[in-house]
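Undergrad: First the structure, which I've put down as structure tokens, then a few questions once you've had a look.
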Amino acid sequence: MTSLRHVLCCVVVAAWAIPASASQQPPVRSDQEILIELEQGWNEAFYRKDVAFIENLLADEFMATYDDGSRGDKAKELALTAEFNQQVESAIQGEFTVRVYRDTAVVWFTLHLVGIRQGQRAEVTFRYTDVWVLRDGRWRCVSTHSTKVDPE
């Protein structure tokens, strides 16, 4: 009887220990959460001129289509980051939609900017479509496209 009681106690202790140790591990984040975090980090890094952070996000074959219709590669995107000198009071991303297709993902979102442009207060909203690929366990952006939203 004593050994049965000992076995039952061990089982109960083990049952309590498993959830306790599992709760100490960080929660698993979904690809959607990771991609939104990467988009937010990219936005923040741009205004900090953190070229290294952005360089780490972009695939070598990265291609951008900007709101004026011009295109740029990874080198141009990094140069635009390094040269940025606008006064931005706020840059708020929202309306995220993320679709994951195995090792490829598309992220749609809006970016609302408020700041000073040519001495005047300016507000502008852009819609973005970014394409990401999963390589070696990390998401890399291969393409971005931005469109300026008409304020009307």
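Undergrad: Take the residues in the stretch 45-74 that are part of a helix (DSSP H, G or I) and in contact (Cβ under 8 Å) with a residue 24 or more places away in the chain; name whichever of them is surrounded by the most Cβ atoms within 10 Å (Cβ to Cβ).
TA: I54
Undergrad: Oh, and also: Within the stretch 78-88, is there a residue that is out of contact with any strand residue (DSSP E or B) (no Cβ under 9 Å at 6 or more places or on another chain), under 21 Å from W139 (Cα atoms), without any contact (Cβ under 8 Å) to a residue 24 or more places away in the chain and surrounded by fewer than 15 Cβ atoms within 10 Å (Cβ to Cβ)?
TA: Looking through the stretch 78-88, none of the residues is out of contact with any strand residue (DSSP E or B) (no Cβ under 9 Å at 6 or more places or on another chain), under 21 Å from W139 (Cα atoms), without any contact (Cβ under 8 Å) to a residue 24 or more places away in the chain and surrounded by fewer than 15 Cβ atoms within 10 Å (Cβ to Cβ).
Undergrad: Could you tell me whether S70 is modelled with pLDDT of 95 or more and small (G, A, S)?
TA: For S70, the condition - modelled with pLDDT of 95 or more and small (G, A, S) - is met.
Undergrad: (1) modelled with pLDDT under 95; (2) touching a helix residue (DSSP H, G or I) at 6+ places or on another chain (Cβ under 6 Å): which one isn't true of F84, the others all being true?
TA: (2)
Undergrad: Can I ask one more? Take the conditions free of Cβ contacts under 8 Å to residues at least 40 places away in the same chain, of a type in the set (S, T, Y) and touching a Pro at 6+ places or on another chain (Cβ under 9 Å) and apply them to T125. Does it pass?
TA: yes
Undergrad: Let me ask you something else. Out of T104, T129, report the one residue that is of a type in the set (S, T, N, Q) and surrounded by fewer than 14 Cβ atoms within 10 Å (Cβ to Cβ).
TA: Only one candidate passes the filter, namely T104.
Undergrad: Can you give me the number of residues within the stretch 21-43 that are modelled with pLDDT of 95 or more, farther than 16 Å from V142 by Cα and among the acidic types (D, E)?
TA: 2
The values are calculated or read from the model by the stated rules, or taken from the named source; none is laboratory data. What you see is a predicted model; the values in this text were computed from it and never measured. Positions of Cβ are backbone-derived with ideal geometry, glycine not excepted, and every protein chain shown enters the neighbour counts.
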